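Visitor: Mind having a look at this structure? Questions to follow.
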Amino acid sequence: MRSFHQRERFLRRACRVVVALSLVGCPGIAVADDDMKLTPTQIESLGIRVVHPVSSRTDQTLPYPAQIVVPTPQLWVVSTPVAGMVTNLAVARGDRVSAGQPLLTLESQGFVSLQRDYLHAVAQEALANQQLRRNADLFEGKAVPQRVLEASQTEARQATIAVAERRQMLRLAGLSDDAISRLATDAAISGTLTVNAPQTGSVVEIAVSPGQRLEQSAPLVKLARLSPLWAEIAIPAANIRAIRTGARVEVEGYATPGRVVLISETTDAATQTILVRAEVPNSGQLHPGQTASVRLSFLSEGESAWEIPYSGLVRRGEQSWIFKAIEGGFRLVSVTLLAEDQDHVVISGPISDKDEVAIAGISALRGILSRLGAGQ
């Protein structure tokens, strides 16, 4: 059952509809084009209330919620170069690291094998080159045929290729060229491998802990560069026409503006919103994962925008109107909808802050226009 107040509101609305219908054809109401002449008594009987439009920023939408995220090209995952066990973590989540800075240490039998194979390839290359020089001297003295020299040349090339392959595998394991050269000179094989940061950035995730055994290519640490960041904004599909790529974006409480870099070509079926992505420089005040309120530029310079309560907007399809108060009544005025939320809309059109716009009794006004064939 309806409560007392619900019944009262229901009866009040019903009375206004009856009053509106009773006014149709009344000699006191005159209609010309989209104008309606109403007396103060009739306005009161229809329950019409008005407000003055509030000037809105001429270059910005209403606030929209946004999610701050790290741009995908600025994310790196450092993985295990060889199978092994984590013995030490040198960083923690949130740390800022420089390129080449140690992240963690692994003990790895596979790393030992890589070093051994490299040293073996280096030795084989030296032996093949020595044999090539000997056969070259013998060939000059006509002591061996040309095919023996050619075979030695082939073996030397294959040995060089093997060294290059093993060197590259050590690079992939994280050894620098200097460390590889020292290995070839000193032949000091180590079972411990230090994994270094490939880029300067911040540690946003650590996927391992000391003592954990890992297979090759298992993720270890996720790094990110935190400037610029993306602000991902869900814009109602009805408002997307006011947004353009390159538009200025201001994050509430943050001084540095960003720019729209993407307007998605698809609509979210569940929310009927379109993803708009802005790139925002970050001096450390923005943090990935946080939500923020943003405003986007949409109007050309010099154009006026006005904010009114949501209830004052009349629309059908993509067209929008308001009922503007005129001397002795109201006029249906076409406007452009620029932005909206659940409580307010931002519009542009032939109005000013000195005008009055109807925000209650809209159904009655529409009913009068409809029945007299003068409106929508």
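The values are calculated or read from the model by the stated rules, or taken from the named source; none is laboratory data. Quantities reported herein were computed from a predicted structural model and do not represent experimental measurements. Neighbour counts run over all protein chains shown; Cβ positions are idealised from the backbone, glycine included. The accessibility values were calculated without ligands, DNA or RNA, using every heavy atom of the protein model including side chains. Shrake-Rupley method; radii C 1.70, N 1.55, O 1.52, S 1.80 Å.
Visitor: Going through 318, 327, 356 one at a time, which residue ends up being open to solvent by 20 Å² or more (accessible area, probe 1.4 Å) and within 36 Å of the chain's Cα centre (by Cα)? Step through it out loud before you land on a result.
Guide: Numbers: 327 fails: within 36 Å of the chain's Cα centre (by Cα); 356 fails: within 36 Å of the chain's Cα centre (by Cα).
From the options 318, 327, 356, the qualifying one is 318.
Visitor: Residue 334 is checked against (1) under 30 Å from residue 52 (Cα atoms); (2) open to solvent by less than 20 Å² (accessible area, probe 1.4 Å); (3) assigned to a strand (DSSP E or B) and fails just one. What number does that condition carry?
Guide: Exception for residue 334: condition (2).
Visitor: Ok, one more. Name the residues in the stretch 137-153 that are surrounded by 12 or more Cβ atoms within 10 Å (Cβ to Cβ) and among the polar types (S, T, N, Q), would you?
Guide: Scanning the stretch 137-153 gives 152, 153.
Visitor: Within the stretch 166-186, track down each residue that is in contact (Cβ under 8 Å) with a residue 12 or more places away in the chain and either surrounded by fewer than 13 Cβ atoms within 10 Å (Cβ to Cβ) or touching a Lys or Arg at 6+ places or on another chain (Cβ under 8 Å) (or both).
Guide: 172, 180
Visitor: Let me ask another. For the stretch 105-152, enumerate the residues that are of a type in the set (D, E, K, R) and in contact (Cβ under 8 Å) with a residue 60 or more places away in the chain.
Guide: Within the stretch 105-152, the first condition is being of a type in the set (D, E, K, R), and the residues that meet it are 107, 116-117, 125, 133-134, 137, 140, 142, 147, 150.
Passing the criteria: 107, 116.
Visitor: Return the only residue of 272, 285 being polar (S, T, N, Q), in contact with a Pro (Cβ under 9 Å, 6 or more places away or on another chain) and open to solvent by 40 Å² or more (accessible area, probe 1.4 Å). Walk me through it before giving the result.
Guide: Numbers: 285 fails: in contact with a Pro (Cβ under 9 Å, 6 or more places away or on another chain).
Step by step, each of 272, 285 is checked, and only 272 is polar (S, T, N, Q), in contact with a Pro (Cβ under 9 Å, 6 or more places away or on another chain) and open to solvent by 40 Å² or more (accessible area, probe 1.4 Å).
Visitor: Considering the stretch 235-256 alone, what residues qualify as being of a type in the set (A, V, I, L, M, F, W, C) and assigned to a strand (DSSP E or B)?
Guide: Here is the first cut: in the stretch 235-256, the residues of a type in the set (A, V, I, L, M, F, W, C) are 235, 237-238, 240, 242-243, 247, 249, 251, 255.
Within the stretch 235-256, 235, 249, 251 meet the criteria.
Visitor: How about the stretch 219-245: which of its residues are in contact with a strand residue (DSSP E or B) (Cβ under 6 Å, 6 or more places away or on another chain), of a type in the set (Gly, Ala, Ser) and surrounded by fewer than 18 Cβ atoms within 10 Å (Cβ to Cβ)?
Guide: If the condition is that a residue be in contact with a strand residue (DSSP E or B) (Cβ under 6 Å, 6 or more places away or on another chain), of a type in the set (Gly, Ala, Ser) and surrounded by fewer than 18 Cβ atoms within 10 Å (Cβ to Cβ), then 234, 237 are the ones that fit.
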